[in-house]
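Colleague: Mind looking over this structure? Questions follow.
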Amino acid sequence: MRKTSLKIAVGTPQTSVADCQCNGQAIIGMMGKAASMNVDVLLLPELCVSGCSCGVLFEQELLLEKALEALDTIVAQTTATDATLLVGLPMRREGRGYDNCVAVIRRGEIIRIFRNTGGDIEVDGVKCHVIIGGEAANTDAKVMLHLCAETACTGHEKALRRQLSERSANCVYALASCGFGESTTDVVYPGEALIFDHGECVADSMPFSFEEQMVTAVCPIDNAIANLSFLPLDCTPSAYNDVSANPFLPLHEEIGAWCEEAVNIQMAGLAKRLIQAHAQKVVVGISGGLDSTLALLVSVRTFDKLGYPREQVIGITMPGFGTSDRTFHNAMALMRALGITIKEISIRQACLQHYADIGHDVENHDVTYENAQARERTQILMDVANQESALVVGTGDLSELALGWATYNGDHMSNYSVNASIPKTMMQHIVKQVAASTADMTVRDTLTDIVATPISPELTPTDEQGNIKQQTESLVGPYELHDFFIWHTVRNHYRPRRIYQLAVEAFVPRYSNDIIRHWLTAFCRRFFSQQFKRSCMPDGPKVTPISLSPRCAWHMPSDASAAMWINECEQL
């Protein structure tokens, strides 16, 4: 008999990438919970049997074999339940390769297997349509069951909800997306379990949960008249203003929620790496500057959410020849206020010994003088991490990666780089937001002063009063210009002439045409010449729509010539 309503459950199981047996047990456990609630349909994410982020492991015979074994185990456990279960898994293709499949299971039988594209099924007399990934659909089904593997970035969740509201205008739409356990390398999966009924969200999960989640809703079917066709799901955030002086920030949305989403993505990526590495300690180099401050805040909040003691966050401040009184005091004040373990290790004597060993004049403040300090600090961080069975949390940001403003095998390197997709200008807003939302006045005042401190690597001696003498933006140019250039070069693929025109519109009269032209030329030169550092950058979560990781979409040759780009800049 055809039902007039369906009780739908959508789940995001705790997945272990490439461990099909473990994932199978997690799915069986979730199926048991759904059965106890008498659901009609249990929808689970794309490729949840194997994990969606297996990459080239999908080509391995062993993985495909174990995925089928796990499926058999799952099927055998459904004999006593009336619920229809949908699970995603890879299956061997004839010849070579694999197919992205969905198995539809009920009462100990596989009713249907879809390969790469979905289709219609009947659930208790109700026509439902299965969607895999972001495929387009043509159907008159009244219930859409969508298995997907959407990765997170700022603005993604709001864009997804907007699209699902539109898609469900005349039907029921359920979506299961991969969650926390899938996060790996440079991407984070938020774990969205959503049910929309006629444009309204009737059940939703908590984004970026570290645990498995399941949501349910009873959805009437009689008044559901599906749209006959859908465009492919595209949840790329669109609320950006390309002519804004800061295109990384949202156009209309509340900045506080935007910043909170960014931190949640950072936390989820770091938490997954800690769990995967069986590490319960991190080491962070704390300079009193903006980058290390955000890395520390993310580390502390991650440990709080995991239930790890804050004392297992080890902050190391490493004063050198250019360390100012202001940054040193801010570093110490922030670490004390946050209740982490503090280590102070001066690099001065070690660097003097190193200069003597290689025959470098200590009065020659050249690149060797500066980079030796950065590499000494990295050595300390890595060695302390070995002592403590900890991970080194990197502090470098997107702006520095684009410009190559990092010491190769120095601050360029870490075990996990939480700021890798966040530009300087956005980072300032995030730290300001954290300062505004904290009740601890010491933390608030310290963060406020850190944001106001001139950006500097502090690698050359301070002035006679102990103040910062080496200021980054006087050397490489204003970060707000460079972040603007990054956005339009990487996201929009614009040529220098077009970027210059937009920059004039956005920044004049704050910056003259000549200054914009000068720093755009410098950006092009550095962006090309420093690609080799990005080709071997450490893992870090994609937080904004832009990542320069070679493991994401940015595949740039290290030896490409910048001549055409620089020539066009010089002709402006």
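Colleague: Quick one: is Glu261 acidic (Asp, Glu) and free of Cβ contacts under 8 Å to residues at least 12 places away in the same chain?
Modeller: Values: acidic (Asp, Glu): yes; free of Cβ contacts under 8 Å to residues at least 12 places away in the same chain: no.
Here the answer is no, as Glu261 does not meet what is asked.
Colleague: Hey, can you tell me all the residues within region 307-347 that are at positive phi and either of a type in the set (Lys, Arg) or touching a residue at least 12 places away in the same chain (Cβ under 8 Å) (or both)?
Modeller: Gly339
Colleague: Tally time: how many residues in region 549-560 are in contact with a helix residue (DSSP H, G or I) (Cβ under 7 Å, 6 or more places away or on another chain) and either in a helix (DSSP H, G or I) or of a type in the set (Ser, Thr, Tyr) (or both)?
Modeller: Counting residues in region 549-560 that are in contact with a helix residue (DSSP H, G or I) (Cβ under 7 Å, 6 or more places away or on another chain) and either in a helix (DSSP H, G or I) or of a type in the set (Ser, Thr, Tyr) (or both) gives 1.
Colleague: For Thr216, which of the numbered conditions (1) polar (S, T, N, Q); (2) closer than 24 Å to Leu274 by Cα; (3) surrounded by fewer than 24 Cβ atoms within 10 Å (Cβ to Cβ) fails to hold?
Modeller: (2)
Colleague: State whether the residues of region 455-464 include one that is small (Gly, Ala, Ser), surrounded by fewer than 20 Cβ atoms within 10 Å (Cβ to Cβ) and either touching a helix residue (DSSP H, G or I) at 6+ places or on another chain (Cβ under 9 Å) or assigned by TED's automatic domain parsing to the domain that holds Phe527 (or both).
Modeller: Checked against the condition, which is being small (Gly, Ala, Ser), surrounded by fewer than 20 Cβ atoms within 10 Å (Cβ to Cβ) and either touching a helix residue (DSSP H, G or I) at 6+ places or on another chain (Cβ under 9 Å) or assigned by TED's automatic domain parsing to the domain that holds Phe527 (or both), region 455-464 yields no hits at all.
Colleague: Right, another one. Looking only at strands (runs of 3 or more DSSP E) that lie completely in region 13-120, which have at least 1 residues being assigned by TED's automatic domain parsing to the domain that holds Pro207 and either free of Cβ contacts under 8 Å to residues at least 24 places away in the same chain or surrounded by fewer than 21 Cβ atoms within 10 Å (Cβ to Cβ) (or both)?
Modeller: 84-92, 98-106, 109-115
Colleague: For region 399-421, check the following and say yes or no: at least one residue is in a loop (DSSP other than H, G, I, E, B), of a type in the set (Val, Ile, Thr) and either assigned by TED's automatic domain parsing to the domain that holds Thr460 or more than 30 Å from the chain's Cα centre (by Cα) (or both). Can you show your working first?
Modeller: Pass one, region 399-421, residues in a loop (DSSP other than H, G, I, E, B): 404-415, 418-421.
If we keep only those that are of a type in the set (Val, Ile, Thr) too, we end up with 407, 418.
Okay, now just the ones that are also either assigned by TED's automatic domain parsing to the domain that holds Thr460 or more than 30 Å from the chain's Cα centre (by Cα) (or both), so 407, 418.
Yes, some residue in region 399-421 is in a loop (DSSP other than H, G, I, E, B), of a type in the set (Val, Ile, Thr) and either assigned by TED's automatic domain parsing to the domain that holds Thr460 or more than 30 Å from the chain's Cα centre (by Cα) (or both).
Colleague: Separate question: For the structure I just gave you, tell me whether Thr15 is over 30 Å from Ile221 (Cβ atoms), of a type outside the set (A, V, I, L, M) and out of contact with any Ser or Thr (no Cβ under 9 Å at 6 or more places or on another chain).
Modeller: Values: over 30 Å from Ile221 (Cβ atoms): yes; of a type outside the set (A, V, I, L, M): yes; out of contact with any Ser or Thr (no Cβ under 9 Å at 6 or more places or on another chain): no.
Judged against the criteria, Thr15 is not a match.
Colleague: Looking at region 296-317, which of the residues that are touching a strand residue (DSSP E or B) at 6+ places or on another chain (Cβ under 7 Å) and more than 14 Å from Ala385 (Cβ to Cβ) is surrounded by the fewest Cβ atoms within 10 Å (Cβ to Cβ)?
Modeller: Result: Glu311.
The values are calculated or read from the model by the stated rules, or taken from the named source; none is laboratory data. Just so we're clear, the structure is a prediction, and the values are computed from it rather than from any experiment. No Cβ is skipped: glycine too gets one built from the backbone with ideal geometry, and neighbour counts run over all protein chains shown.
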